[in-house]
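The values are calculated or read from the model by the stated rules, or taken from the named source; none is laboratory data. In this text, all values refer to a predicted model and were calculated from it rather than measured experimentally. Every residue, glycine as well, gets a Cβ built from its backbone with ideal geometry; the counts of neighbours run over all protein chains shown.
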Ligand SMILES: *[C@@H]1O[C@H](CO)[C@@H](O)[C@H](O)[C@H]1NC(C)=O
Ligand SMILES: *[C@@H]1O[C@H](CO)[C@@H](O)[C@H](O)[C@H]1NC(C)=O
């Protein structure tokens, strides 16, 4: 079979091609280093991210994109400093996304004055415009070197000019009355939830905690520290709810009206302003460091190609919502269509003896199945972004909970919706099995959109856009309030760098 050739090392494949009678078909399966496409923010020095990344799309000699993997690691990437200075770079081999494209990730552990050289090779040959020269200075994640021009920074990140979710969230809040919030928020929300009260002043972070459950401030602290190292934020004062549930249940026609609390999850019944979840945030900050199932590595671990997946729906998870138990019931009645299991009981312990406990399986192995069932947990299921990045079809329970990016995804186009009570689950699985090409198209469209929406640069854009819109609406000056403490940047060797942007500002 023609496919077999792709499993061979490129050198041997080329040799075999040379021996084959030269037909269009044979030449069409050969990678063209000149025609292969390379793009992404990781090729631009000014885009500082915890992990920089870019993409390689394999293109054949006929100018056509590969749509399946052209084989094991055809491309090698070398990243080095332009000068002789020692620079630690963590750069694993490009991730094969199994669709003809590769995702290259690299993490810098130091900054470089001169710049970076990125060489992308196919065998001995340079690919596309390789070598790419990133003119210095190129800063690493922990270098405290904010761009003083907020608009310039957003433009360099290619941030969208607006986001539908942000506009919608703020439409209820033409003004942000800091004095009203200072009076109300600690009393209304403080004791029973976890609210962090932050003030950003002159790009320094101050905060105090309100309420009992505030440990998750570590996630908001790390994001704010990361942002303020990259860009000079406007002065603003806000309240972040670090609990699971959104909290502002007042409607906008009520008196007194709702206040703009920032939360990690939204719901139809509440008016909180959503930010990306702590999980997505932490995953982005710690990619190639402290986490393994992050939003980039998942893209290279999406299981077999569509045609080789088991054509069943799949679910594993904890018992954080009764619907998940119903899923196991349905699975027992239709084992040929659905494999669903609860891996840990906490809320419905008494059900364990009836429903049984399923063994935990690695997340990457979920993608051995064609259809993935997404059912809420306590709130929106935080696995949804990861599932969307895979190449299975997502069957998503309709839900009043949402994360910041859901608004861009449409049922029937990017995933298949399930009734909240799951009563149409079996019908939808049967539909998918009977309409395999359509199901595959939806899976692919969902994946493509998720790749765009969930990329690290977009995360930074989203935070900055929310903060900007909030800051513009404040009706009085933010202040450092009683009980607030400074959240400091790390000062150890990992942050060592010389910042030219700061110098420029000092010289003015
Ligand atoms: C080939 O891949 C690139 C990168 O994903 C894409 O922009 C382009 O539209 C593709 N070309 C075709 C003909 O599909
Ligand atoms: C699961 O099935 C059992 C037995 O038919 C039933 O008693 C139980 O209520 C069902 N549980 C759910 C969550 O539907």
Requested in this report: Please work out which residue is nearest to ligand 2 (Cβ to nearest atom), limiting yourself to the stretch 277-324 and to residues that are free of Cβ contacts under 8 Å to residues at least 40 places away in the same chain and surrounded by 19 or more Cβ atoms within 10 Å (Cβ to Cβ).
Outcome: 319
Requested in this report: Scan the stretch 461-469 and give yes if some residue there is under 30 Å from residue 100 (Cα atoms), outside any loop (DSSP other than H, G, I, E, B) and outside the structural domain of residue 175 (by TED's automatic domain parsing), otherwise no.
Outcome: yes
Query raised in the report: Taking the stretch 215-243, which residues are surrounded by fewer than 19 Cβ atoms within 10 Å (Cβ to Cβ) and either assigned to a loop (DSSP other than H, G, I, E, B) or outside the structural domain of residue 171 (by TED's automatic domain parsing) (or both)?
Result: 215, 216, 232, 234, 235
Report summary line: Taking the stretch 31-48 and keeping only residues that are in contact with a strand residue (DSSP E or B) (Cβ under 6 Å, 6 or more places away or on another chain) and either assigned to a loop (DSSP other than H, G, I, E, B) or closer than 15 Å to residue 106 by Cβ (or both), one is left with 32, 33, 35, 36, 38, 40, 42, 43, 45
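Is it the case, given these coordinates, that residue 340 is in a strand (DSSP E or B), within 16 Å of ligand 2 (Cβ to nearest atom) and surrounded by 14 or more Cβ atoms within 10 Å (Cβ to Cβ)?
Working: in a strand (DSSP E or B): yes; within 16 Å of ligand 2 (Cβ to nearest atom): yes; surrounded by 14 or more Cβ atoms within 10 Å (Cβ to Cβ): yes.
Here the answer is yes, as residue 340 does meet what is asked.
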Requested in this report: Kindly indicate which of 190, 194 is modelled with pLDDT under 95 and in contact with a helix residue (DSSP H, G or I) (Cβ under 9 Å, 6 or more places away or on another chain).
Outcome: 194
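Going by the structure shown, is residue 247 surrounded by 17 or more Cβ atoms within 10 Å (Cβ to Cβ), in contact with a strand residue (DSSP E or B) (Cβ under 8 Å, 6 or more places away or on another chain) and outside any helix (DSSP H, G or I)?
Yes; evaluated as a whole, the condition is true for this residue.
Any idea how many residues of the stretch 387-410 are under 24 Å from residue 162 (Cα atoms) and within 20 Å of the chain's Cα centre (by Cα)?
Of the residues in the stretch 387-410, the ones under 24 Å from residue 162 (Cα atoms) are 388-389, 400-410.
Applying the additional criterion that residues be within 20 Å of the chain's Cα centre (by Cα) yields 388-389, 401-410.
Residues that pass the stated criteria total 12.
Of these, 111, 84, which one is out of contact with any strand residue (DSSP E or B) (no Cβ under 6 Å at 6 or more places or on another chain), farther than 30 Å from residue 64 by Cα and surrounded by 21 or more Cβ atoms within 10 Å (Cβ to Cβ)? Please lay out each step first, then the result.
Values: 84 fails: surrounded by 21 or more Cβ atoms within 10 Å (Cβ to Cβ).
Residue meeting the stated conditions: 111.
Working carefully through the options 447, 455, 440, find the one that is touching a helix residue (DSSP H, G or I) at 6+ places or on another chain (Cβ under 6 Å) and closer than 27 Å to residue 365 by Cα. Lay out the reasoning, then the answer.
Working: 447 fails: touching a helix residue (DSSP H, G or I) at 6+ places or on another chain (Cβ under 6 Å); 455 fails: touching a helix residue (DSSP H, G or I) at 6+ places or on another chain (Cβ under 6 Å).
Checking each option against the conditions leaves just 440.
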Requested in this report: Return the only residue of 455, 488, 447, 474 being buried (at least 18 other Cβ atoms within 10 Å of the Cβ) and closer than 30 Å to residue 86 by Cα.
Outcome: 455
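Quick check: anything in the stretch 94-105 outside the structural domain of residue 259 (by TED's automatic domain parsing) and under 23 Å from residue 499 (Cα atoms)? Walk me through it before giving the result.
We begin by selecting, within the stretch 94-105, every residue outside the structural domain of residue 259 (by TED's automatic domain parsing); these are 94-105.
Keeping just the survivors that are under 23 Å from residue 499 (Cα atoms) gives none.
Scanning the stretch 94-105, I find no residue that is outside the structural domain of residue 259 (by TED's automatic domain parsing) and under 23 Å from residue 499 (Cα atoms), so the answer is no.
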